Structure formats: C-alpha cells, structure tokens
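Here's the structure, in structure tokens; my notes come after.
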Amino acid sequence: MTPMLPVLLVAAIGLAPVAPAPAAPATGGAPGAPGVDQQYLPADKSGLLTSRTRGSRVWATVQREGGLGEIFYPTIGGPSARSLTFVVTARGGPAKAAVRTEQLDGLRFRQTFDGSGWRLTADYTTDPARSTVLVDLSFAAPWGYDLFAVYDPALGNSRAGDSGRTAGGALVATDGAVSSALAGSFTATSSGFAGVSDGLTDLRDGRMDWRYSSATPGNLVQTAALRGRHTTLALGFAGSPAEALATARRSLRDGFRAVARSYAYGWQRYLAGLSAPPRVLRGAAQRQLYRTSAMILAASEDKTHPGAYVAAPASPWAFGSDDPSGPYHLVWSRDLYQVATGLIAAGDRAGAHRALNFLFGVQQKADGSFPQNSQVDGTPVWGGLQLDEVALPIVLAYQLGRADSWPGVKRAADFLVAYPGAPFTPQERWENQSGYSPNTIATAIAGLVCAASFARTHGDLASSRRYLATADSWRARVKSWTVTTNGPYSAKPYFLRLTKDGNPDAGTTYSIGDGGPVDVDQRRVVDPGFLDLVRLGILPPSDPDVVNSLAVVDAQLGVATRRGFFWHRASFDGFGEQLDGSQWEFDEPPGSLVSRGRAWPLLSGERGEYEIAAGDLRAASARLAAMTRTTGPGGMLPEQVWDHTPPAGQGRFEPGTPTFSATPLAWTHAQYLRLARDLAEGRVVEQPAVVAGRYLGR
C-alpha cells in the first residue's frame, strides 16, 4: 500500500486551461471542435495491467493521481486511450480526495479515494477473453454526492480525430480502424471536445448540464453519470463501434468477479512456471517486488508480435506531446537485451528466446546491424547506430545456447569488425554522444568473443580467428582510449564516460547534450559504464583503474539518501525535470542548464553485480535493498529517483523516491531480477563463460 497523496480527482486528466462555457444547447451535436490537444499523462505510473492471454490485446496503466492513464490497443506500441478517470461532485463543484494504490493478486490493482465524508474504491482488471478493461466501483457517500466517469480516447495512437456518440445507452468512439465503447449503468452521457464542451468543463459547477449526443472528429472526451453506489464499467475495443460495444457488454455479462479471478489465475500460472524466488530475498517487500518485476517484463511484450518488449508503458516529459506516442513505446535492442537477461534470471527462458528471435528478425539484412529502435512490428524508427546494440544480441544468443542463430551472429560480428573506426561508436548507450566508450567497447569485445565461439562450432575457423584478434586488440587498447592519467578528479588513472579522439589525456571538449553544458573537458565527464568490462568478464574486479574509477564516480555522481546510495548516469546530465519541476523539453538549447538528470536505480543493480564479482555479497545485498526502497505506489520501479536538488519550493520530493520519469521502466525491473539471481548464485550469472575464460582464466 502506498502513502496517500492529496489530489483533486479531476487532476488525473491533466486538463488544459479551460475556455469559457460555450453558449450552446445542452443536447445535440457538441460545439467547439476540435477542442484542445493535451499531452499524454505523467509517466510515473502506479501499475500496469494486461492478461496473460494473447486474445486480449489491451493494456492499461494506473495513474498515480487516480484513475487509469494510457490504455493500449491493439498493441503495446501505442495507446488508444489517454485516460479513464472519475469525478465526485458535491455542493457546487468537484470534491477533493486523497488517493492510495495497492497491488492485489497478480498484476491487478485497487485505488481508494478518500474524501470528506465519502470514499470511492476502484478495482481494475482486464478481461482475458477479450480486449476489455473492467473497473468495479464502490461509492460510499451521503446524499448529494454524485459520481462521474470521464473517458478521453486516443484511438489508433492519435489524440485527435476521434468521433463519438451515445449508442444504446453506452458511449462509443471511433477513429479509422479502431473503436471503443464505454458501457455500464449510466443516468446520462455526453460526448464533447477537450477544454470546451467536455465533462470536466461542465462539472466545474458540480452538475452535468450537457448531454451532447455526438461529437465530430477532434479531441474527444466522453462523460457518463453513474447510477447507484456500486457499478462496473467496461471499456471495450475492437475494429468497429458495434464490435467494441458487443465486446464491452460480453465482459459485463461475465461479471467483474469472474473476470478478475480468471485474470489473476493467468498470472498465478505464469509465476508458478518460473524459477523459485531466490532465498536471499529479505522480507515480503523484496519477494513481492521480485514477482512484480517478472510480471512487468512479461506484460511489456506485445501479443501480436512475440518478443517485442517495449521500454516502458509511459511517455515522460516532452515525449508526452508526441502524437503518435514516443520512443518509450518502441523496442530497443539494448533494452531488449536487458529484458531478456532479466527473463532468464527469473526462469522465463521462452520469453528470452522470443526476444532473440525478434532481434534477429529486425536485423538489417544489408549490413548486419540492428535498428536503434523499432516499432513492435519491427519497422525501424530512429536512424542512429550504436555498436553496443549490434554486439548485445550476439551475447544473448550465446547465453541462450542458440546455435541456430549463427547466420545472424556472423552478420553482426562481421559488421563490428568491418565498421570504419570501430570501436568508435556513433552513439553510446545514453544515446546522445559519439566516441570511444568503455561501455560500448566492453559489449563489442564480449560480442566478438561469443561470435568466435559460434564460428568454431560451425567450422568457420577463419572468422573465429578474425573475431578474437579484433577483440584482443580492443581489450589491449581500451584503457589507452578511455582512461585518463591527468584528469582533475584523481591523481590516479580513471575511466571516462568516453573520449572523442581516443586520447583521454587531451583536454578535448564537447557539448553534453540534453540541455547540459557546452565545451566540457572530456576528462571531467565520467559515468559508471566501465563496469561492463567487469560484468562481461573482460577485466577483473580488482583492476586498479576500475577500483579507482569507482571512487571517482562515487564522489562525482553518487547520491546518498535515507533509502540508499544511488548514482547519476553521467556528469552534467540534463535528461530530467527542470529545476522548477517542469518537464524536460526536446529543444532545450545547449548550455541552458535548466534541466537536471537525477539518479538511476538500475545503476545500483549494476554496482551490485560488480560487488558480486568482487566477492562482496553483503554490499550487493544492500544494493538490492536500496532498489526495493525506490518503488513507487503499486510497486513499480522507476527510471530515475530524486537527488538533493528537487524542484524548488516543492517539499514532497524525498530523495530516493521516483521522479516523473518512465515508471515502470522494464530495464530497471530486469536489473532487479538479475541482481537477485546473481546474489543467490554468488556470481554474475550473465557473464559469458567464454569471455571470462579467455581474459580472466576462469
């Protein structure tokens, strides 16, 4: 159960500044088209719901402020609804409430809204038999209080272009090939335009005066006055309004309790098929988060395109303005590797195999590289090239023992060896810099050594020798490219985030990006990415430059909080909220310094893996505990947590608690699973034996 947060119920909609109420009839077609376009909701979700069945192609997010946020259909690659939330009115206006979220059996969630003299309980589930979201509402309030549902569709991953009407006592909406239907026991319905003729505008005086029967295409918002003190809502999706309405009504006929039991049973079966939770997990919170993390990874997979696991079901900051939705709803080669290794740790090897199949399915046939990211159907989106995203699929193929992947492995390894200037990468793992990155070089070395193993198995000794010679050469030179001996942070050598010129003792400058400073000496920019050299078996944990670099990143990037010790991802990072709490923007000019990246819990997991390699299981256990304490409401792990520079004048942001970044982030949950399994085994399970055998003599 999570702490109660004082909110206004209607705040979950994120309503734009409201225009004056139109002088229009209360019935007929809604005025004010197309209405106000609004961003997707804040990215710090309190839950993610979807059934284990592939026949139900709907996902729903739970909003921290109350109600449901984005609802995805027919794939997890893009929303078809912006929100479904609730408004309680009394005595002339909306009533205030405090909201708490709790996770029930499986990936099922309940929210309780407590107001002055009233309480609303909302239980959420999806229907395993069809693409329906069900909400069971219990409303305890004295006479004079009324309850309304406000639904904001974004059908077909577009917030504009939705048309709606009342049909058979329900609210139907459509946009092209996607339709929805909100059904339940209603006393009144209305379809209007956001910010002009929608329900939130109407309900500002506490009454539902408008009953518009239809709305032409635009930024549609639909409103229903709910009958009685206990009711069930069904939001169904299909290809046509008639099919969507039939879908919703069939779910209502089955009943909430029966549907919720079937939903929970599906997740119980999934958990029962995994490896037993490690005994090293301490207390109920860690055991619950372990199970939740496994389910979050499984829920992040698309049901039409097996193996397509998205980064997060959220759109943080400026990405919330994307229409269609933005990059977190895409599949990234790097994130997919992290997800797959988390699945392996949890015992879901079948899911990891599907991820690998997806990766080699999207591999670029022309040169053997992989897209920077792709839609869930495999269509490439951004055009960047990151050498770690080429190398990691090879490592995953080795970990899974997939001899059949040799053709794809060979194309990827040949690309790494032949790429001009390699291991210089056009982009490293944080997406915004090119250069000689110790993290990227580590993955490339591991990929080539794993590829050499495949080559030997398939009798291609020439390729094996070529891959190993290249890997050995890069290992021999990685420090000369990335370890400075005259940097300002230590008299001893330490790893840099990257170098632009392969000369770490040169004062070469570059712009940090994401609104960070410009003309920064590369010797002043560090990150913990060099730890992959240890995690992947390329350098021993006792390497003096690694050990000294740990002290440097602790001093430069470390954040000590009551919940644990965390790290920023890199020096001068600007990828996060602005200093006043407003969102990070795409167009923040270089050197503006208006935004600040906060600490990343997944880096605690990476540090824990290093500590396991170094034999310090106690320290690694403390990292797992710290990650556990970063969960937000509903048990979701975030991308970032607050440091000691929270938004000015806003005191509720405790260091070590989730920011407004993408939550749940699949990578963070995968890292949690991996660290827990590593602790149980007393070793870094992900480490390729063939790499450690070559370079560490294991």
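The values are calculated or read from the model by the stated rules, or taken from the named source; none is laboratory data. Because the structure is a prediction, the values reported are computed rather than measured. So basically every Cβ, Gly included, is an ideal-geometry build from the backbone, and we count neighbours across all protein chains shown.
For the stretch 61-94, enumerate the residues that are over 30 Å from GLY307 (Cβ atoms) and touching a helix residue (DSSP H, G or I) at 6+ places or on another chain (Cβ under 7 Å). Across the stretch 61-94, the qualifying residues are GLU65, GLY66, GLY67, THR85, PHE86, VAL87, VAL88, THR89, GLY92, GLY93, PRO94. The residue list ALA244, ALA215, ALA258, ALA248 contains one member that is loosely packed, with under 15 Cβ neighbours inside 10 Å, among the hydrophobic types (A, V, I, L, M, F, W, C) and either within 18 Å of ASP175 (Cα to Cα) or within 32 Å of the chain's Cα centre (by Cα) (or both), which is ALA258.
Only one of the listed residues (THR304, THR341) is under 26 Å from the mean Cα position of the chain (by Cα), surrounded by 20 or more Cβ atoms within 10 Å (Cβ to Cβ) and among the β-branched types (Val, Ile, Thr). That residue is THR341. Taking the criterion of being small (Gly, Ala, Ser), more than 22 Å from ARG623 (Cβ to Cβ) and touching a residue at least 24 places away in the same chain (Cβ under 8 Å), the residues of the stretch 247-287 that qualify are ALA248, SER251, ALA260, SER262, ALA264, GLY266, GLY273.
Conditions (1) assigned to a loop (DSSP other than H, G, I, E, B); (2) buried (at least 24 other Cβ atoms within 10 Å of the Cβ); (3) at negative phi, marked per residue:
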{"site": "PRO42", "(1), (2), (3)": "yes, no, yes"}
{"site": "LEU48", "(1), (2), (3)": "no, yes, yes"}
{"site": "ARG82", "(1), (2), (3)": "no, yes, yes"}
{"site": "THR89", "(1), (2), (3)": "no, no, yes"}
{"site": "ALA98", "(1), (2), (3)": "no, no, yes"}
{"site": "GLU102", "(1), (2), (3)": "no, no, yes"}
{"site": "ASP105", "(1), (2), (3)": "yes, no, yes"}
{"site": "LEU120", "(1), (2), (3)": "no, yes, yes"}
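Checked against the criterion of being among the acidic types (Asp, Glu) and under 30 Å from GLY378 (Cβ atoms), the candidates ASP136, ASP162, ASP123 yield just one match: ASP162.
The set of residues from the stretch 129-147 being under 28 Å from SER262 (Cβ atoms) and either free of Cβ contacts under 8 Å to residues at least 12 places away in the same chain or surrounded by 20 or more Cβ atoms within 10 Å (Cβ to Cβ) (or both) comprises ARG130, SER131, THR132, VAL133, LEU134, VAL135, LEU137, PHE139, LEU147.
Is it true that some residue in the stretch 512-524 is assigned by TED's automatic domain parsing to the domain that holds GLN578, of a type outside the set (A, V, I, L, M), over 31 Å from the mean Cα position of the chain (by Cα) and not in a strand (DSSP E or B)? Yes, that holds for at least one residue.
Only residues that are loosely packed, with under 15 Cβ neighbours inside 10 Å and either in contact with a helix residue (DSSP H, G or I) (Cβ under 9 Å, 6 or more places away or on another chain) or in a loop (DSSP other than H, G, I, E, B) (or both) were counted across the stretch 261-274, and they come to 1.
Of the residues examined, GLY351 is not one that is on the phi > 0 side of the Ramachandran plot, within 22 Å of the chain's Cα centre (by Cα) and in contact (Cβ under 8 Å) with a residue 12 or more places away in the chain. Check whether at least one residue in the stretch 405-413 is under 30 Å from VAL483 (Cβ atoms), surrounded by fewer than 20 Cβ atoms within 10 Å (Cβ to Cβ) and over 23 Å from the mean Cα position of the chain (by Cα), and report yes or no. Checked the stretch 405-413: no residue is under 30 Å from VAL483 (Cβ atoms), surrounded by fewer than 20 Cβ atoms within 10 Å (Cβ to Cβ) and over 23 Å from the mean Cα position of the chain (by Cα).
The condition (being assigned by TED's automatic domain parsing to the domain that holds PHE256 and under 25 Å from THR75 (Cβ atoms)) is satisfied by just one residue among ALA173, ALA188: ALA173. The residue of the stretch 479-511 that is nearest to ASP532 (Cα to Cα), among those that are over 32 Å from the mean Cα position of the chain (by Cα) and of a type in the set (Val, Ile, Thr), is VAL483. Looking only at the stretch 150-192, residues that are surrounded by 20 or more Cβ atoms within 10 Å (Cβ to Cβ), hydroxyl-bearing (Ser, Thr, Tyr) and over 13 Å from ARG82 (Cβ atoms) come to 6 in all. When you check ARG54 against the structure, is it touching a Pro at 6+ places or on another chain (Cβ under 8 Å) and either in a loop (DSSP other than H, G, I, E, B) or buried (at least 22 other Cβ atoms within 10 Å of the Cβ) (or both), yes or no? Answer is no for this residue.
The rows are residues; the columns are (1) in contact with a helix residue (DSSP H, G or I) (Cβ under 9 Å, 6 or more places away or on another chain); (2) closer than 20 Å to THR485 by Cα; (3) in a loop (DSSP other than H, G, I, E, B).
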position	(1), (2), (3)
GLY537	yes, no, yes
VAL546	yes, yes, no
PHE565	yes, no, no
PHE572	yes, no, yes
GLU585	yes, no, yes
SER592	no, no, yes
GLU611	yes, no, no
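Filtered by the rule that a residue be among the polar types (S, T, N, Q) and either in a helix (DSSP H, G or I) or not assigned by TED's automatic domain parsing to the domain that holds PRO638 (or both), the stretch 653-678 gives THR668, GLN671.
A search for C-beta distances below 6 Å between a residue of the stretch 581-610 that is at pLDDT 95 or above and any residue that is basic (Lys, Arg), counting only pairs 6+ apart in sequence or on different chains, returns TRP600/ARG569; SER604/ARG623; ARG607/ARG623; GLY608/ARG623; GLU609/ARG535.
Filtering the stretch 586-620 to residues that are of a type outside the set (Lys, Arg), crowded, with 17+ Cβ neighbours inside 10 Å and within 19 Å of the chain's Cα centre (by Cα) leaves GLY597, ALA599, TRP600, PRO601, LEU602, LEU603, SER604, GLY605, GLU606. Could you identify the single residue in SER240, SER293, SER315, SER251 that is under 17 Å from HIS669 (Cα atoms) and of a type outside the set (D, E, K, R)? Just one listed residue meets the conditions, SER293.
What helices (runs of 4 or more DSSP H) completely inside the stretch 373-461 contain at least 3 residues that are more than 27 Å from GLY574 (Cβ to Cβ) and in contact with a Cys (Cβ under 6 Å, 6 or more places away or on another chain)?
Details: elements: 387-399, 406-418, 438-457.
Qualifying helices (runs of 4 or more DSSP H): 387-399.
Between TRP317, TRP332, the distinction of being aromatic (Phe, Trp, Tyr) and under 12 Å from the mean Cα position of the chain (by Cα) belongs to TRP332 only. Residues that are over 14 Å from the mean Cα position of the chain (by Cα) and not in a strand (DSSP E or B) within the stretch 69-80 comprise TYR73, PRO74, THR75, listed in sequence order.
Contact annotation: no residue pair with Cβ atoms under 6 Å, 6 or more positions apart or on different chains, pairs a residue in the stretch 656-682 that is closer than 21 Å to ALA318 by Cβ with a partner that is assigned to a helix (DSSP H, G or I) and modelled with pLDDT under 95.
Confirm whether ARG229 is among the charged types (D, E, K, R), within 14 Å of PHE86 (Cα to Cα) and out of contact with any Phe, Trp or Tyr (no Cβ under 9 Å at 6 or more places or on another chain). Answer is no for this residue.
Only one entry of ALA555, ALA491, ALA476 meets the criterion of being closer than 30 Å to ARG698 by Cα and loosely packed, with under 15 Cβ neighbours inside 10 Å, and that entry is ALA476.
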